[in-house]
Amino acid sequence: MNDSSWGASAGPVHGQEPSYGESSAYGTGPARGQGPAYGHGAPADQGASASYGQGPGHGQAPGHGPGQAPGQGYDHGGAYGAAPGYGPSYDPSYDQGHAPAGPAYEPHAVGETRPMPIVPDMPDVPSGGLSEGGGQDDRRTARLSGPLFRDETPQEPMTGASPQPAPAAPEPEQPPAPKPKKSAGRDLGAAIGVGVGLGAVIIASLFVVKAVFVGVIAVAVVVGLWELTSRLQERKSIKAPLIPLAVGGAAMVVAGYVRGAEGAWVAMALTALAVLVWRMTEPPEGYLKDVTAGVFAAFYVPFLATFVAMMLTADDGPWRVLTFLILTVVSDTGAYAIGWRFGKHKLAPRISPGKTREGLLGAVSFAMAAGVLCMQFLVDDGTWWQGLVLGVCVAASATLGDLGESMIKRDLGIKDMGTLLPGHGGIMDRLDSLLPTAPVVWLLLVLFVGSG
């Protein structure tokens, strides 16, 4: 083993005293070791520098580690810190008169040494250098700034658990929102006022002069046709000819009152023919849909209304018409009242979401009760059981008529057919249940008590 291993260098260099201990490898003294040093840049800085083999002649003492020669390996020149002129250099001037104390690396083997990371700059130490043992403190100080070797991983500082946030104060409970009251969806005051006014006109005309009431039916038919054809043109661009429909509709009502069912059918056929001819005066585009809508309107409004005029021809005709009106209105009222208060199960949600099965039961019950009273006290030769049958049939036909009108309005994308009657909508919104009920009541009364 070489006598300079982990001890003093092989001889004084540059007039300096030998250094013992760790200073030979990590000490602060001047150049140590023998032979050429493969340093970096200018001569070693005697201050605080951490040059690895920096400056000429600054190498590790002989015997540092197996197979390492003096002047080779890791040299910490006087202190940690990068000396100026960092870069590989070779100065053979220090090789004279210094015999190697052990095996030396060949110049071509220098590149095989393990590269070391650059240690960050540290604050300058006092110019007097570090005392013995200071190298160890210096290493400790340098290592605080980061890992010395590449395979060293800095340890993360241990931190305590983050403080848990204080629980938020519970929000005060909001009082439950009051349940919305059920609404009829219309102005009830206006609806009742208009209904009372219409009833007064109908009753007065019905019992004073029959012909006046026929005129009231004809006016209602013409207004209903105007509302229907206007909505068809606005929403579907269907141009059903109004003039032949209005004239034919009024004639149909008069013919039914004068000539009965035969006159009504003849007037219906002539009205349909007039619609076909009238539409020929316009371009053919849309002809089929226009005349089809015209024929439908002629049947739906004036032809069904003609059965009311035919009921009026009997000796007790005004009472039969009044029975018809009372049963229809009572059926609608019972359906509305029971459905609004107890309705939960939808009757036809895709057609009319507001109608319920409970409302239908209310319509049947109210109409049956009204039918018994009307057939017993108003219609000549009528009996109570006939009133029960009449009430059930009126409730069914009035409900179907209301659903049919709702289907038309849903197809057109409207809520009401018109705005002529405040609280009700239009004339057709009041005729929707009356029109299909008229032939049912006329037929049953003819079967129960005859046509006279």
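Rule-based calculations on the coordinates, nothing more; no lab input. What you are looking at is a predicted structure, and each value in this text was computed from that prediction instead of being measured. Positions of Cβ are generated from backbone atoms using ideal geometry, with glycine treated the same way; all protein chains shown enter the neighbour counts.
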Debye, to nearest 20: dipole size of segment 378-452, +1 on Lys, Arg Cβ, -1 on Asp, Glu Cβ = 160
Cα extents of segment 245-401 along the three principal axes, largest first (Å) = 54, 44, 17
Dimensions (Å) - segment 280-338, Cα atoms, principal axes, largest first | 48, 36, 10
Per the C-alpha gyration tensor (a ≥ b ≥ c, the square roots of its eigenvalues), segment 173-332 is rounded if a/c is under 1.5, else prolate if a/b beats b/c, else oblate; here it's oblate
Once you have the Cα-Cα distance between Lys236 and Val446, take 0.36 nm times their residue separation minus that, and quote the gain in nm to one decimal.
-> 71.6 nm
Specify whether the C-alpha gyration tensor of segment 371-412 places it in the rounded, prolate or oblate class, a ≥ b ≥ c being the square roots of the eigenvalues: rounded for a/c under 1.5, otherwise prolate if a/b is larger than b/c and oblate if not.
-> prolate
Mean Cβ neighbour count within 10 Å, used as a protection proxy, ranking 290-297, 404-411, 204-211 highest first = 290-297, 404-411, 204-211
Segment 369-422 - charge dipole about Cα centre, Lys and Arg +1 at Cβ, Asp and Glu -1, debye rounded to 20 = 240
The alpha-carbon center of segment 252-302 and that of segment 389-452 are separated, in whole Å, by 20
Net charge near Asp315 (other residues with Cβ under 12 Å of its Cβ; Lys, Arg +1; Asp, Glu -1) is -1
How far, in nm, would the chain grow between Leu276 and Thr292 when pulled straight, counting 0.36 nm per residue and subtracting the alpha carbon separation?
-> 4.9 nm
